[in-house]
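Worksheet: one structure, shown below.
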Amino acid sequence: MRVSKSIIAIATVAILSLAGLIAWRSQFKPSGPAPSAIGGPFQLVADNGAQVDQRILLGKWSAVYFGYSFCPDVCPTTLAALAQAIAQLGPKGRALQVVFISVDPERDTPAQLRAYLASPSFPKGAIGLTGTPDEIKSVAGAYHVYYSLHQEGSGPYSVDHTSIIYLMDPQGRFVRPLTPAAPAEMASQITQAMSEH
Ligand code: NI
């Protein structure tokens, strides 16, 4: 009897987990202009020195990603994968802009971001945004992005950070996260989202 009770308990947990997953996934269904808890107003400076705000997201699809130019691994990998995904979109790729928001405003000056994003393996025309520490804190909060400076020994510090690519529609609304480091999957997620809007 104890065994069958355990099986029932396990099955119940599995069903509840599945229900939770479905509920979670349904949040990302791009069905109508449901209010989104991700994104919102911001004031930042672009890599060309211009002051910008959330209206930079209007009129184009955007892939918004938070990172920093000194990131040793995750950021370059993600940006390169995103570039490959955009290449797979063909002409539709022109409807998408990449917005890279720094979580390291001390080192990521506009000029530093511009030089970093010029890498041929990164998305062409990616826009780098940075700001004061308070501005970065505010925009990271709006996008539910965690970041934390990390010092090991006497070397340069690193920044632990959330690695999520946010797909935003041309009205600047969050649509869904993209699966990073999987270019073909990202391309199909973007294509699908574009066709449903
Ligand atoms: Ni990174």
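Before moving on, here are some points about what is shown:
- Reference-scaled alpha-carbon Rg (2.2 N^0.38 Å with N residues) for segment 48-197: 1.00
- Among Met194, Met168, the sequence by solvent-accessible area, most first, with a 1.4 Å probe is Met194, Met168.
- Cα gyration tensor shape of segment 120-165, rounded if a/c is under 1.5, else prolate or oblate by comparing a/b with b/c: oblate
- Rounded to the nearest 10 Å², the accessible area of Lys60 at probe 1.4 Å: 80
- Between Leu149 and Asp53, the distance separating the two model label sites (each 7 Å from Cα on the Cα→Cβ line) works out to 2.9 nm.
- Set against the 2.2 N^0.38 Å expectation for a compact globular protein, segment 57-123 has a Cα radius of gyration ratio of 1.11.
- Close amide H partners of Arg176, meaning residues 5 or more places away or on another chain with modelled amide H under 5 Å apart, are Leu167.
- Residues within the reach of a label modelled at Ser138 (point 7 angstrom out along Cα to beta-carbon, backbone nitrogen below 19 Å), restricted to segment 88-106, are 100-106.
- Peptide ranges 112-120, 82-90 listed from the most packed, as the mean C-beta count within 10 angstrom indicates: 82-90, 112-120
- For a straight C-alpha distance cut-off of 17 angstrom, the aspartates and glutamates reachable from Lys60 (same-chain residues fewer than eight places away being disregarded) are Asp169, Glu196.
- Per-residue 3J(HN,Hα) values for segment 180-188, derived from phi via the Karplus relation 6.51 cos²θ - 1.76 cosθ + 1.60 with θ = phi - 60°, read x, 6, 9, x, 5, 5, 4, 4, 6 Hz in sequence order (x marks Gly and Pro).
The values are calculated or read from the model by the stated rules, or taken from the named source; none is laboratory data. Bear in mind that the values here come from a model prediction, so they are computed numbers and not experimental data. Positions of Cβ are generated from backbone atoms using ideal geometry, with glycine treated the same way; all protein chains shown enter the neighbour counts. Only protein heavy atoms, including side chains, enter the accessible area calculation; ligands, DNA and RNA are left aside. Shrake-Rupley method; radii C 1.70, N 1.55, O 1.52, S 1.80 Å.
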